[in-house]
Amino acid sequence: MKRFYLAIMLSAGALTMNAQTTVQGSKFTDNWSVGINAGGVTTIHTGYAFWKHMRPVFGIQIGKQFTPALGMTLEGNASVNTSPSKTAFDASNISLLGRVNLMNLFAGYKGQPRLFEMEAVGGLGWLHYYNSGPSAWPGYDSDAWSTKFGLNFNFNVGEKKAWTIQVKPAVIYNISGIGYESNRGASHPGQLSRNSASVELAAGIIYHFKNSNGTHSFVTVRPYDQAEVDELNSRINSLRSEVGQKEGELNNLRNENRQLQRDLNDCRNKKVQTTTTAASTEAVVAFNQGKSKVMSTQMAGIERIATYMKNNPNTKAVITGYASPEGSASFNQKLSEKRAKAVKDILVKKYNIDSSRIVTEGKGVGSIFSSPSWNRVSICTVNAK
């Protein structure tokens, strides 16, 4: 009998090996679940009324899914005693059950649980019968080995398929020949027959814990053959070589940039050598009629003369004043001298030009411009040695 069960488990494992190659490897802590169930159980022993001996059963279960097709459940159920008795329960059954998901086994896993799936269930358990009174057989607690076969009809619900509603019909066999469901009186008490069997029909709800992959189930991955792996490795190596080359070019550009920055700083810090050449510059300063005061609008020309003389310290300036024909000749002579001196005073006092470098003279009424009013000016001429 034990060889028979072992052969079943090995066959199920062999059938599910293909499922393991289509999903990501999971940790031991992944794909666990917990659930509760309730229903009814009754013996089908000859001479026992099916419905009359139906009694409630309830229990809990802890499950582990190894592959999308193969899993295991540790289940504990207790049946309620419905006859006059001093005990609340007449039997309990703790079973270790293997599960094969027939949908994933034959149709393949699609990346997440289907809305409806069907599992084949089978395994061994430990039965305990409670002494329920003098009328019970044999009148004291007893233990027996059991085996359970059945189907799970699973309805996976929720957006993330974290919950499963189960309908689970099963047949439980007492294989030890002990207890009131033990096929007593038969030539082989431990054989699988209706006289050692009970039928269980239960429903339950299961919660699947969240996995390390962020979901409540397995995640499919695209399998690669060796040729694809080799091609990807070749591309990676090529990209690494290209990155190394670009890094070298980037370093060269960085060095060039640093050199340019040094050259720029040298240019900024380099003292400019001024070369004096034989040249001259001139500025015309206009005045109002009869006035010798320099207007603010004329300061730009004077400042240009001052800047030129500062940058060329060997230069000297000649300032000649003129007047328009209005007024007497003596008045215009004095006015032209004042106008020349006004420009000199600004160069000396405002721009700190040495007065010895400036010569002034008055020419009286000027005739250098065609319009008489334009001759109300001082002309400053700077000559370089």
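Derivation of every value follows stated rules applied to the coordinates shown; laboratory data play no part. These numbers come from a predicted model, not from an experiment. With ideal geometry, Cβ positions are generated from the backbone for all residues, glycine too; neighbour counts draw on all protein chains shown.
Report the charge-dipole magnitude of segment 280-383 in Debye, nearest 20, computed about the Cα centre from +1 at each Lys and Arg Cβ and -1 at each Asp and Glu Cβ.
My answer is approximately 240 debye.
If you average the C-alpha positions of segment 361-385 and of segment 49-67 separately, how far apart do those two centres end up, in angstrom?
125 Å
Using the count of nearby Cβ atoms within 10 Å as a rough guide to exposure, how do D30, D90 rank from fewest to most?
Neighbour counts put them in this order, fewest first: D30, D90.
Which of rounded, prolate or oblate describes segment 280-383 when judged by the alpha-carbon gyration tensor and an a/c cut-off of 1.5?
Prolate, since a/c reaches 1.5 and a/b exceeds b/c.
Which of the listed residues, G321, Y351, N332, is farthest toward the dipole's positive end in segment 280-383, when Lys, Arg count +1 and Asp, Glu count -1 at the beta-carbon?
Among G321, Y351, N332, the one farthest towards the positive end of the dipole of segment 280-383 is Y351.
Need one number: % antiparallel among DSSP beta bridges in segment 280-383, to the nearest 5.
Expressed as a percentage, antiparallel bridges in segment 280-383 total about 70.
Arrange the following residues from fewest to most other Cβ atoms within 10 Å of their Cβ: R304, R55.
Taking fewest neighbouring Cβ atoms as first place, the list is R304, R55.
List the pairs from K293/K316; K310/K349; K293/K341; K316/K341; K52/K168 whose alpha-carbon separation is above 18 Å, in the order I gave them.
K293/K316; K52/K168
Using 7 Å Cα-to-Cβ label points, what is the K64/V219 separation (nm, one decimal)?
Spacing of the two 7 Å Cα→Cβ label points: 2.2 nm.
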